[in-house]
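Written below as structure tokens is the structure these notes are about.
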Amino acid sequence: MACALLRSLHHLETSMNEPTAKWTVPMSDGNHVVEFEHGTATGKRVVKIDGNEIVHRDWMFRLVGDEIFMFNSTKFVIRVDPMPGLKYSYSLWVNGKSYKQFVQSQTKILETWLAKVENEEYRIVLDKQTHSVWVNGQEVEVENEFMDGGAEILFSVNDLSASIRSYSSEQKEIGIAYVLYINDVEIMQEALLAES
């Protein structure tokens with residue numbers, strides 16, 4: 001009887017297609033979607049990143065606690081905490097920072113552009129700390145040059161010349177400004193995460 005009940009609970013939990021919690025995490029190589037499924041009857045835990053299963057645990061008797069995993073040299077922790085009324089809260093920590101703190105720090109170090117070149121879309125990300133450039137999730141080779149009033153990072157997008165020019169904005173709250181040019185056409189910046 002108990003086994004039949006557990007099997008039916010497990011079937012009920014696996015038939016639901018919606019994740020229990022979901023976060024979009026901005027990283028140098030692009031935004032990654034982290035999904036967490038938590039079976040509150042069976043203790044099942046499934047973690048998916050961009051639709052790929054990273055963690056799968058069935059029949060866990062401990063329903064609360066941390067689920068720790070690595071992705072692209074980044075440490076993730078999903079915290080499952082109890083709440084009154086047999087409910088649970090879920091929070092994501094990335095490299096020791098809460099999700100909100102991590103996103104805030106990423107907005108300070110990453111600049112993002114979305115460019116359409118010859119009917120192809122390209123997401124270009126600059127890591128301001130390392131001066132590395134990512135095009136559609138792949139790090140590309142760059143050359144750094146100094147120019148009057150700033151610096152320039154040279155690379156190519158679909159065999160077209162591209163450059164990210166940096167210069168002082170002369171505004172303390174903004175600091176250094178970054179502008180992307182592809183084939184000498186300025187590309188507008190994109191928000192790191194789309195507004196919900």
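The values are calculated or read from the model by the stated rules, or taken from the named source; none is laboratory data. Because the structure is predicted, anything quoted here is derived from the model rather than measured. Note that each Cβ is placed from the backbone with ideal geometry, even for glycine, and that neighbours are counted across all protein chains shown. To get the accessible areas, we keep the full protein, side chains included, count just its heavy atoms, and leave off ligands, DNA and RNA. Shrake-Rupley method; radii C 1.70, N 1.55, O 1.52, S 1.80 Å.
Data overview
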| quantity | calculated |
| --- | --- |
| Where a residue in the stretch 70-86 is free of Cβ contacts under 8 Å to residues at least 60 places away in the same chain and over 12 Å from Thr40 (Cα atoms) and its partner, wherever it lies, is part of a loop (DSSP other than H, G, I, E, B) and open to solvent by 80 Å² or more (accessible area, probe 1.4 Å), with Cβ under 6 Å and at least six apart | Thr74/Asn95; Lys75/Asn95 |
| Test: residue in the stretch 109-128 that is surrounded by 13 or more Cβ atoms within 10 Å (Cβ to Cβ), in contact with a strand residue (DSSP E or B) (Cβ under 7 Å, 6 or more places away or on another chain) and small (Gly, Ala, Ser) | yes |
| Cβ pairs under 8 Å, 6+ apart, first in the stretch 126-144 and at positive phi, second in a loop (DSSP other than H, G, I, E, B) | His131/Val142; Gly137/Asp29 |
| Qualifying residue in the stretch 89-100 (condition: touching a residue at least 40 places away in the same chain (Cβ under 8 Å), within 25 Å of Pro26 (Cα to Cα) and in contact with a Pro (Cβ under 8 Å, 6 or more places away or on another chain)) | no |
| Residue check, Glu152 more than 30 Å from Gly43 (Cα to Cα) and modelled with pLDDT of 90 or more | yes |
| Those residues of the stretch 129-144 which are open to solvent by 50 Å² or more (accessible area, probe 1.4 Å) and not in a strand (DSSP E or B), in sequence order | Gln129, Thr130, His131, Asn136, Glu141 |
| Per-region count, the stretch 67-95, residues in contact with an Asp or Glu (Cβ under 9 Å, 6 or more places away or on another chain) and of a type in the set (Lys, Arg) | 1 |
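Yes or no, residue by residue, for (1) under 14 Å from the mean Cα position of the chain (by Cα); (2) surrounded by fewer than 12 Cβ atoms within 10 Å (Cβ to Cβ); (3) of a type in the set (Val, Ile, Thr); (4) at negative phi:
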| site | (1), (2), (3), (4) |
| --- | --- |
| Asp58 | no, no, no, yes |
| Gly65 | no, no, no, no |
| Met70 | yes, yes, no, yes |
| Ser73 | yes, yes, no, no |
| Arg79 | no, no, no, yes |
| Met83 | no, yes, no, yes |
| Lys87 | no, yes, no, yes |
| Tyr90 | no, no, no, yes |
| Asn95 | yes, no, no, no |
